[in-house]
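The structure appears right after this line, and notes come after that.
The values are calculated or read from the model by the stated rules, or taken from the named source; none is laboratory data. Since the structure is predicted, the reported quantities are computational estimates derived from the model, not experimental observations. In this analysis, Cβ positions are derived from the backbone assuming ideal geometry, glycine residues included, and neighbour counts consider all displayed protein chains. Calculation scope for accessible area: heavy atoms of the full protein, side chains included, ligands and nucleic acids excluded. Shrake-Rupley method; radii C 1.70, N 1.55, O 1.52, S 1.80 Å.
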Amino acid sequence: MAIRHLAAEGFLLSIRDISRQFATKTAVDNVSLEIEPGGFIGVIGRSGAGKSTLLRMINRLVDPTSGRIVFNGVDITGLRGRDLRRWRQSAAMIFQQFNLSGRLDVLTNVLMGRLNHVPAPRAVLKLWSDEDKAIALSALEQFDIAGLAAQRAESLSGGQQQRVAIARALVQEPQIVLADEPVASLDPRNTKVVMDALLRINKHYGITVICNLHSLDLARTYCDRLIGIASGRVVFDGAPDALTDDVARDLYGLEAEDVLGKAAAMPHPQAAMANALSMPA
Amino acid sequence: MNAPSSSSLAGHTASGVNRLREDALRELPHLRTRYADAFRPVTRNGILGVMLAVGLLALFITGFAELGFSFAKMIAGLDQLGKFVILMWPPTPGTMSRFLLFVHALGETVAIAALGTVLAAILALPFGFLAAKNVVANRIVHFLSRRLLDTVRGVDTLIWALLWVNVVGLGPFAGVLAIMCSDTGALGKLFSEAIETANRRPVEGVLSAGGGRLAAVRFGILPQVLPVFASQLLYYFESNTRSATIIGIVGAGGIGLHLSEQIRTLEWQHVAFLVILILATVAVIDALSTRLRSAIIGSRPAAT
């Protein structure tokens with residue numbers, strides 16, 4: 001009955017004491033989180049902190065060693081077969097390396113998001129309905145890449161490919177979008193384009209977004225709640241304003257000065273020059 | 001725990017998401033005009049594909065008809081097949097001395113396969129590079145090496161065996177030469193194709209650092225293609241163990257000679273024993289080569 005209770009309080013996703021071990025390493029260590037519907041949640045922390053594993057466990061690409069994940073009152077940790085596929089359809093995943101099928105055209109890649117809405121034999125023969133094609137094309141139009149629909153996915157730039165991946169996620173008609181470092185392989189201009197696309201999914205369609213981010217600046221700009229992870233544990237959970245530089249330093253350790261983007265973090269130019277010129281002893 | 005229901009998991013009930021579907025359906029007529037190509041039910045490629053499939057099917061059926069394919073004959077012959085199986089049971093070599101003879105011959109067959117494959121690989125390596133477009137730009141060299149490989153490959157192992165038996169006499173040496181010849185052609189072609197699909201970027205990296213063409217091949221291409229070569233080589237070794245059985249029949253040494261002899265003298269129990277011996281050997285080679293292959297390829301770091 002606890003589930004009903006939580007659902008009544010308005011939590012969409014409830015993560016309870018989940019852990020994941022890889023051989024001897026504990027990637028995620030006893031994490032509990034409640035996610036409200038409609039938020040844009042940033043998961044931050046240094047590389048290797050367990051952010052990816054956490055997101056992949058929600059989509060069930062990785063199974064938790066222990067603990068439960070409850071969505072709308074349904075325990076999704078034990079789902080199998082058709083139920084599991086239905087869950088994955090409603091928890092769309094976006095990857096750092098886009099994970100598109102490079103030799104297929106853009107439209108077909110986006111239509112992958114309709115797989116769970118279409119009978120398998122039709123999908124395998126690529127007999128998409130006009131309705132599915134319309135949904136895919138209008139998703140592509142929103143991200144200004146509908147003109148590329150007939151091109152091979154691998155011929156697109158990184159920023160364009162990530163927008164194709166976001167369109168694929170959107171046409172799944174998901175309730176939640178899980179973005180795993182979506183901008184880590186992109187240049188600054190494409191970073192903005194892609195983050196804006198995610199923001200549109202969140203604001204225009206009201207889909208909850210959970211986004212792993214390395215950059216604290218981006219997290220502060222786009223997210224309305226931040227979750228800080230270090231060594232697989234939640235060490236911060238709150239509004240972006242509440243994340244002080246001191247907390248960030250704890251969170252990122254030696255990397256802190258890089259992610260904070262402080263000019264003071266850089267050595268003085270003359271000092272750097274002296275360092276570069278000095279001969280090793 | 002509740003059973004998952006479509007209403008709680010799938011997104012249809014969420015109000016926001018429906019917007020995408022509604023917008024798309026309202027826009028459908030406009031989308032249809034804007035992206036006519038995407039909505040075309042049959043594309044030119046689709047029609048060509050279907051025509052090709054129909055043509056191939058017709059060819060397939062004609063082929064079967066021409067070659068006298070008949071289910072009736074197969075069914076009529078089934079009891080004959082059954083008789084052989086009964087005659088083969090239980091598989092046995094008969095005497096201990098014959099068992100040792102068989103094992104010795106099997107060892108010879110494996111040796112023929114191993115030596116033949118290694119020699120073929122050594123010969124095929126330079127030809128593989130010469131026949132690869134991305135290594136040798138000279139079209140004449142490219143053309144000549146390709147045709148040479150084609151010619152060598154065009155003659156089957158069995159024919160090579162018959163040739164070499166007449167040149168160097170009966171025995172395993174002729175078998176080694178036969179496998180070496182036919183597989184130089186096959187491996188050379190496979191090597192050159194592996195080289196042509198290699199990634200250009202490492203080559204560019206070596207050239208950009210001032211390396212020569214030889215260095216580009218050695219450090220840019222070779223590390224990429226070696227695991228592929230190794231895997232092809234191991235497969236050929238396994239396949240050649242079977243081929244070596246066949247060429248034994250024409251007198252090129254190994255277990256094939258005994259196999260044909262036992263079939264001729266209708267010693268079906270011995271035949272069955274030999275077949276099982278060969279199967280076991282091929283299985284062992286397959287298991288070993290799987291291990292060797294993963295050791296050579298090594299583990300790649302997973303994407304983070």
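The phi-based Karplus calculation (6.51 cos²θ - 1.76 cosθ + 1.60; θ = phi - 60°) puts the 3J(HN,Hα) values of region B:187-197 at 5, x, 5, 4, 4, 5, 5, 4, 5, 5, 8 Hz, whole numbers, x for Gly and Pro. Per-residue shielding of A:128-139, expressed as the average number of other chain Cβ atoms within 10 Å of the residue Cβ, stands at 6. Report A:Tyr205's accessible area, 1.4 Å probe, all protein chains in place, as a number in Å² to the nearest 10. My reading of the accessible area for A:Tyr205 is about 10 Å². Counting only DSSP beta bridges whose two residues both lie in the protein assembly as shown, roughly 55 percent are antiparallel. Over all other residues within a Cβ to Cβ distance under 15 Å of B:Ile47, the charged ones net out to +2, with Lys and Arg as +1 and Asp and Glu as -1. The relative contact order of chain B, computed from alpha carbon pairs under 8 Å that lie at least 6 residues apart in sequence, is 22 percent. With point charges of +1 on the Cβ of Lys and Arg and -1 on the Cβ of Asp and Glu, referenced to the Cα centre of chain B, which listed residue (B:Phe191, B:Asn138, B:Ile263) lies farthest in the positive direction of the dipole? Toward the positive end, the furthest listed residue is B:Asn138. Each Lys or Arg adds one and each Asp or Glu takes one away; over the other residues whose Cβ falls under 10 Å from the Cβ of A:Ala92, this sums to +1. Given A:Cys223, A:Gly113, A:Thr244, which one lies farthest toward the positive end of the charge dipole of region A:13-264, if we put +1 on the Cβ of every Lys and Arg and -1 on the Cβ of every Asp and Glu? The residue sitting most towards the positive pole is A:Gly113.
Using the alpha-carbon centroid of each, what span in Å lies between region A:113-153 and region B:26-90? Result: 28 Å between the Cα centres.
A Förster radius of 30 Å, combined with the Cβ-Cβ distance separating A:Val247 from A:Ser185, puts the computed FRET efficiency at roughly 0.65.
Using a probe radius of 1.4 angstrom, the carbon and sulfur fraction of the accessible surface of region B:91-298 is 69%. For region A:217-228, backbone phi angles converted through the Karplus equation (6.51, -1.76, 1.60; θ = phi - 60°) give residue-by-residue couplings of 4, 4, 4, 5, 6, 9, 9, 9, 8, 10, 10, x Hz, Gly and Pro being listed as x.
Neighbours of A:Val193, meaning other residues whose beta-carbon lies under 14 angstrom from its beta-carbon, give a summed charge of +1 when Lys and Arg score +1 and Asp and Glu score -1. Note on chain A: GNM, Cα springs under 10 Å; of A:Pro174, A:Pro269, A:Pro64, the largest mean-square fluctuation is that of A:Pro269.
Counting Cβ atoms of other protein chains within 10 Å of each Cβ in A:202-208 and taking the mean gives 4. Counting only DSSP beta bridges with both residues in region A:13-264, tell me the antiparallel percent, nearest 5. Of the beta bridges lying entirely in region A:13-264, close to 55 percent run antiparallel. Think of each Lys and Arg Cβ as +1 and each Asp and Glu Cβ as -1; about the Cα centre, that makes the dipole of the protein assembly as shown roughly 920 debye.
The angle between the Cα long axis of helix B:139-154 and the main principal axis of chain B comes to about 50°, on a 0 to 90 degree scale. Dipole orientation for chain B: of the candidates B:Leu277, B:Asn45, B:Leu222, B:Asn45 has the Cα lying most toward the positive pole (charges on Cβ; Lys, Arg +1; Asp, Glu -1).
Taking 0.692 mPa s as the viscosity and 37 °C as the temperature, the Stokes-Einstein diffusion coefficient of the protein assembly as shown based on its alpha-carbon Kirkwood radius rounds to 110 µm²/s. Modelled this way, with points 7 Å down the Cα-to-C-beta line, the labels at B:Asp156 and B:Leu222 are 3.7 nm from one another.
Between amide H atoms placed 1.01 Å from N, distances below 5 Å from A:Val43 occur with A:Cys211, A:Asn212, A:Leu213, A:Ile227, all of them 5 or more places distant or on a separate chain. Under 5 Å from the amide H of A:Ala230 lie the amide H atoms of A:Val235, each residue being 5 or more positions distant or on a separate chain, with H modelled from the backbone and absent for Pro and chain starts.
Result for chain B in a Gaussian network model with C-alpha springs under 10 Å: among B:Ala76, B:Ala113, B:Ala132, the largest mean-square fluctuation is at B:Ala76. Short-range pairs are left out: with C-alpha atoms under 8 Å and at least six residues apart, the relative contact order of chain A is 24 percent.
Note on region A:13-264: percent of Cα-Cα distances in each 10 Å bin, starting at 0 and stopping at the bin with the largest distance, equals 7, 31, 35, 21, 6, 1. What the Cβ-Cβ distance of B:Ile296 and A:Lys203 gives, at R0 = 51 Å and to the nearest 0.05, is a FRET efficiency of 0.45. Basic side chains Lys and Arg get +1 at the Cβ, acidic Asp and Glu get -1 at the Cβ, and with that the dipole of region A:13-264 about its Cα centre reaches some 920 debye. Centroid-to-centroid, using Cα positions, region B:143-204 and region A:219-246 are 63 Å apart. Annotated for chain A: lysine pairs at least 8 residues apart or interchain, Cα distance under 28 Å, count 8. Per 5 Å bin, what percent of the C-alpha pairs of region B:91-298 does each bin hold, from zero upward? Calculated over all Cα pairs of region B:91-298, the distribution is 1, 8, 14, 15, 15, 13, 11, 8, 6, 4, 3, 1, 1, 0 percent.
Applying the Karplus relation 6.51 cos²θ - 1.76 cosθ + 1.60 with θ = phi - 60° to region B:29-37 yields 3J(HN,Hα) values of x, 5, 4, 4, 6, 5, 10, 3, 4 Hz, where x marks Gly and Pro.
Among B:Arg26, B:Arg264, B:Arg44, the residue with the largest mean-square fluctuation in a Gaussian network model of chain B, with springs joining Cα atoms closer than 10 Å, is B:Arg26.
Inter-chain Cβ neighbour count for A:83-91, averaged per residue, equals 4 (cutoff 10 Å, partner chain atoms only).
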